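S.K.: Right, I'll just put the structure down here and ask away after.
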Amino acid sequence: MSASPTEPQLLHLVFGGEVVSPDSHTFVDLDALDIVGIYPNNAEAEKAWRGKAQATVDNANMRYFVVHMHRLMDPDQPEADNAE
């Protein structure tokens, strides 16, 4: 899953875990976070996120997130996720 040298790397982190309530971003146990992985683009990250979210749909306190790491690493770059 490597990007070609001509494509920018738009890294995305997918992670999740049990939160204190369904409307919270506060995790019950940081040591138990599920780090799903780092993906080269938003489309791949969304597939991974969707799979984890659907697999845990019976537990309302399990939440998964996509972090746009490329935005944190280079905040001066224009938004590129919509072009993926």
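S.K.: So, of the residues in segment 53-74 that are surrounded by 15 or more Cβ atoms within 10 Å (Cβ to Cβ) and aliphatic (A, V, I, L, M), which turns out to be nearest to the chain's Cα centre (by Cα)?
M.R.: Val66
S.K.: Within segment 25-37, how many residues turn out to be surrounded by fewer than 17 Cβ atoms within 10 Å (Cβ to Cβ) and either within 14 Å of Tyr64 (Cβ to Cβ) or in contact with a His (Cβ under 7 Å, 6 or more places away or on another chain) (or both)?
M.R.: The number of residues fulfilling the criteria is 6.
S.K.: Restricting to segment 53-78, and then to whatever is part of a helix (DSSP H, G or I) and aliphatic (A, V, I, L, M), can you tell me which residue is farthest from Pro40 (Cα to Cα)? Quick ask: steps written out before the conclusion?
M.R.: Step one: of segment 53-78, the residues part of a helix (DSSP H, G or I) are 53-55, 69-73.
Then drop every residue that is not aliphatic (A, V, I, L, M), which leaves 53, 55, 69, 72-73.
Working: Ala53: 20, Ala55: 22, Met69: 10, Leu72: 15, Met73: 14 Å.
For segment 53-78, the residue satisfying everything is Ala55.
S.K.: If you go through segment 16-52, how many residues are in a strand (DSSP E or B) and either free of Cβ contacts under 8 Å to residues at least 40 places away in the same chain or aromatic (Phe, Trp, Tyr) (or both)?
M.R.: Summing the residues that are in a strand (DSSP E or B) and either free of Cβ contacts under 8 Å to residues at least 40 places away in the same chain or aromatic (Phe, Trp, Tyr) (or both) in segment 16-52 gives 7.
S.K.: Name the residue, out of Glu7, Glu44, that is more than 16 Å from the chain's Cα centre (by Cα) and under 21 Å from Gln77 (Cα atoms).
M.R.: Answer to the check: Glu7.
Residue-by-condition table, conditions (1) in contact with a helix residue (DSSP H, G or I) (Cβ under 7 Å, 6 or more places away or on another chain); (2) among the aromatic types (Phe, Trp, Tyr); (3) at positive phi:
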{"residue": "Glu7", "(1), (2), (3)": "no, no, no"}
{"residue": "Leu13", "(1), (2), (3)": "yes, no, no"}
{"residue": "Asp29", "(1), (2), (3)": "no, no, no"}
{"residue": "Gly37", "(1), (2), (3)": "yes, no, yes"}
{"residue": "Ala45", "(1), (2), (3)": "no, no, no"}
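S.K.: Can you tell me which residues in segment 38-50 are open to solvent by 40 Å² or more (accessible area, probe 1.4 Å) and of a type outside the set (Phe, Trp, Tyr)?
M.R.: Ile38, Asn41, Ala43, Glu44, Glu46, Lys47, Arg50
S.K.: OK, next. Looking only at segment 1-23, which residues are of a type outside the set (A, V, I, L, M), at pLDDT below 95 and under 23 Å from Arg71 (Cβ atoms)?
M.R.: Within segment 1-23, Ser2, Ser4, Pro5, Thr6, Glu7, Pro8, Gln9 meet the criteria.
S.K.: Let me ask another. Go through the residues of segment 56-68 one by one and say whether even a single one is touching a Phe, Trp or Tyr at 6+ places or on another chain (Cβ under 7 Å), farther than 23 Å from Glu7 by Cβ and modelled with pLDDT of 95 or more.
M.R.: Yes, segment 56-68 contains at least one residue that is touching a Phe, Trp or Tyr at 6+ places or on another chain (Cβ under 7 Å), farther than 23 Å from Glu7 by Cβ and modelled with pLDDT of 95 or more.
The values are calculated or read from the model by the stated rules, or taken from the named source; none is laboratory data. Worth saying up front: this structure is predicted, and the values here are computed from it rather than measured. For neighbour counting, all protein chains shown are included, and Cβ atoms are generated from backbone atoms with ideal geometry for every residue, glycine included. Ligands, DNA and RNA are excluded from the accessible area calculation, which covers all protein heavy atoms including side chains. Shrake-Rupley method; radii C 1.70, N 1.55, O 1.52, S 1.80 Å.
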